[in-house]
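Structure first, then comments.
Coordinate-derived values only; no laboratory data. The structure displayed is predicted, hence computed values, not measured ones. Neighbour counts are summed over all protein chains in view; Cβ atoms, including those assigned to glycine, are modelled from backbone coordinates with ideal geometry.
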Amino acid sequence: MVSSLIDVDTRHWKVDKIRRYFLPFEVDIILKIPLSYTLPEDKIIWVGCKRGIFSVKSAYYRALKVVEKVEVGESSFGDYRTPLWKKIWQLKLPAKIRIFAWRACMEGLPTKLNLGRRWMNIEIKCPLCERELESTSHVLLYCTKLWHVWWSWNTCPINLLAENKEFVDVALLIMYTGSPKDLETLFATTWSIWYNRNRVVHESQCETPAQVWGFAQRIQGDYKGAITVCQLRKQSPEVGWAAPPLEVYKINVDGATRMGGLSGVGVVIRDCRGLVLVAESKVMAGSYEAGVTEALAVEEGVLLARERGLHQIIIESDSLKVVQAIRSRSSHGEAGTVVQGVLVLLESFSSWKVQHLKRDYNIVAHELAQMAKGSAKSQTWEDAEPTMLQHLLLADRANC
């Protein structure tokens, strides 16, 4: 029985017993399973997504990964374009241009040549030069009518017009030899070229090379300017850590996991004056995923508050997912049992609130968790401040 491997007093795995009866790799797997202090009933969850709830969408992506592994196994090289796909979606360009870039690299643009391959009875020559076949690489790069556009790119990392490659290969070459900004310039310019090409085909209007290049430059500048404005609007006043109201205690928590080592949690409970009631740097019994460790940190903070007879608490964590899970009472996913246990423990308080804050404002709990991650033993400070963190606690009290 699994229950025989759990210490009902400490609510931890019986590590010595597990190591005695299981192989090393099995021990590692078992110890990564988090145990809630309340030991709730077991339930089946779907491991295909972090929420733990089955959906057709998550099953599709799960199956897709299986297929990709099979394909990579059949070809030791896999898809050489994969790094490019990842880079495209990270570019600082409007979504329509990123989608255009992906379609162009996949030979998915409705060029004359591509339409002709679908048995459409149309003229497949380039509508700009009216000499060459309109392939993707020709209409976006090598058409003689585009030379003056590309000559405007003085900082191009390659001799673009001398390459004579497929469009996707040119994009890969620029990605590996240039910077993300160079890739943005390539796709913004080719989008502007394609936009002008469509005006020629559908409206019989044509821009000059200088206008095409200028349009591409404005697109990049306008988008980055819009991002900057949005970021400034989202910025909130820098208020730092805030003390709780009178007779309410604030619990700041954080979790950390060392690569190949045990997880650790940090907890600090303070009153309305910012004075420490208790602080803890605790080494956990296993090595857990980040989300699980953050949930265990919340649980540890609630347990400390309950042990000290507190009735009104505010819990702060820099893990937005854990905060949202507790607020929505969602007990699914890897940290589901821990969240479920936290909700049970919170019922013993007359009032409680869980809220998210930036890591910069959760620095005391963060440092306590880091100490636990790099230590072999847990430490607790009651009605006293950890000496090495006094400067951080003093800075927080300045906001009281």
Between 0 and 90°, nearest 10: helix 290-307 axis offset from the chain longest Cα axis: 20 degrees
Rounded tilt (10° steps) of 180-203 against the dominant C-alpha axis of the chain: 50 degrees
Violating pairs (Cα-Cα greater than 32 angstrom) within the set LYS65/LYS92; LYS17/LYS57; LYS32/LYS250: LYS17/LYS57
Amide H contacts of ILE6 (H built 1.01 Å from N, under 5 Å, at least 5 apart or other chain): LYS14
Compactness of segment 249-397 as Cα Rg over 2.2 N^0.38 Å, two decimals: 0.95
Histogram of C-alpha separations across segment 292-368, 5 Å bin width, %: 3, 16, 29, 26, 18, 7, 0
Given 12 as the ceiling on other Cβ atoms within 10 Å, longest exposed-site-free region of the chain for GluC sites (Glu not before Pro) in DSSP loops: 131-237
Cα-based radius of gyration of segment 82-234 once divided by 2.2 N^0.38 Å, which approximates compact folds: 1.05
Helix axis angle, 167-177 relative to the chain longest principal axis, alpha carbon, degrees: 50 degrees
Set of aspartates and glutamates near LYS282 by C-alpha distance (under 15 Å), chain-local residues within fewer than 8 positions excluded: ASP254, GLU294, GLU299, GLU300, GLU367, GLU382
Segment 131-196 - Kirkwood radius from inverse mean 1/r over Cα pairs (Å): 12.0 Å
Dipole-positive endmost among VAL338, TYR142, VAL267 within the chain (Cβ charges, Cα centre): TYR142
CD proxy at 222 nm, helix term only [per DSSP H run n ≥ 4: -39500 (n - 2.57); per residue of the chain; nearest 500]: -14000 deg cm²/dmol
Principal axes of the chain: Cα extent on each, largest first, Å: 84, 53, 33
Order of LYS112, LYS282, LYS96 - criterion: other Cβ atoms within 10 Å of each residue's Cβ, fewest first: LYS96, LYS112, LYS282
The chain - charge dipole about Cα centre, Lys and Arg +1 at Cβ, Asp and Glu -1, debye rounded to 20: 900 debye
Quotient of C-alpha Rg and 2.2 N^0.38 Å, computed over segment 245-287: 1.44
Separation of the CYS129 and HIS202 label points, Cα + 7 Å toward Cβ, nm: 2.5 nm
Listed residues ASN159, TRP13, TRP191: farthest to the positive end of the dipole of the chain (Cβ charges): TRP191
